[in-house]
1. Give, in nm to one decimal, the length gained when the segment between Val46 and His23 is fully stretched (0.36 nm per residue of separation minus the Cα-Cα distance).
2. Can you tally the lysine pairs in region 20-147 where the Cα-Cα distance is under 19 Å and the two residues are eight or more apart, or on different chains?
3. When the solvent-accessible surface of protein heavy atoms is calculated with a 1.4 angstrom probe, in what order do Asp29, Asp74 fall, highest first?
4. Can you give the local net charge around Val141? Use residues other than it whose beta-carbon is closer than 15 angstrom to its beta-carbon, Lys and Arg +1, Asp and Glu -1.
5. Obtain the nm distance between the two label points defined at Lys61 and Ser35 by a simple spin-label model: each point lies 7 Å from its Cα along the Cα-to-C-beta direction.
6. In nm, what is the difference between 0.36 nm times the number of residues separating Asn111 and Val136 and their Cα-Cα distance?
7. Is region 47-97 rounded, prolate or oblate when judged by the Cα gyration tensor, a ≥ b ≥ c being the square roots of its eigenvalues, rounded requiring a/c under 1.5 and prolate requiring a/b larger than b/c?
8. Can you pull the one-decimal nm distance between simple spin-label points at Ile102 and Gln71, each 7 Å off the Cα toward Cβ?
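The values are calculated or read from the model by the stated rules, or taken from the named source; none is laboratory data. Treat the numbers as computed from the prediction; the structure is a model and nothing was measured. Neighbour counts run over all protein chains shown; Cβ positions are idealised from the backbone, glycine included. Note: accessible area is taken over every heavy atom of the protein model, side chains too, but ligands, DNA and RNA are not part of it. Shrake-Rupley method; radii C 1.70, N 1.55, O 1.52, S 1.80 Å.
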Amino acid sequence: MESLNNHDFIPFSIDSHGPVISHLCYADDTILFSSAEPESLKIMMVKMETYEKISGQLVNKAKSGFYVNFQDDDIRINQIKQITGYNHCHFPVQYLGCPIYIGRKKVVYFNNMVANIAKRLQGWQGKFLTYGGKAVLIKSVLQAIPLHTLSVLHPPKATFSQIKKIVSNFFWGMDGNKNKKHWIA
């Protein structure tokens with residue numbers, strides 16, 4: 001693919017000390033960061049078409065979309081739709097298991113991470129495991145599930161409280177329909 005000019009994409013940085021990037025790629029997923037200016041979008045689409053011709057790989061426009069950080073400008077959003085042929089999508093979005101959002105972090109953005117931990121616990125028969133067996137499963141399996149997200153983002157405290165509650169309920173178990181007492185050291 002032909003190299004891109006600096007004016008083709010607007011660089012993106014998570015913070016002022018982080019690296020400046022114009023795209024993210026993982027396997028067959030690609031995120032491009034661009035201005036919403038028609039000329040930049042047209043150049044980007046020409047580059048995409050060139051890539052398709054050279055590689056033989058086609059962009060699936062039905063699975064592709066664009067995100068914007070402005071919500072009120074319907075004229076501009078429609079213009080982007082016409083130039084790119086992609087659908088307008090809304091934040092937040094999950095990418096590689098991490099939520100991408102604009103503005104303040106919210107507990108709801110991290111619900112997938114909490115749900116993955118709870119889902120993993122559903123298959124385990126906690127009443128048939130010793131406390132040592134439960135501790136090993138928690139440390140080796142459950143604590144590994146959110147590692148990727150936690151290495152990139154810092155969820156709200158309420159998310160950690162939800163995870164702690166789920167893990168504690170699994171570890172200490174239930175007596176009928178009631179949770180057993182959670183002992184402290």
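1. Contour length minus the Cα-Cα distance gives 6.7 nm.
2. 13
3. Details: Asp29 70, Asp74 100 Å².
Listed by decreasing accessible area, they come as Asp74, Asp29.
4. Taking every other residue near Val141 into account, the sum is +4.
5. Once both label points are built, they end up 2.5 nm from each other.
6. Numbers: separation 25, 0.36 × 25 = 9.00 nm, distance 2.43 nm.
The Asn111-Val136 span can extend by a further 6.6 nm.
7. The shape class here is oblate.
8. 0.9
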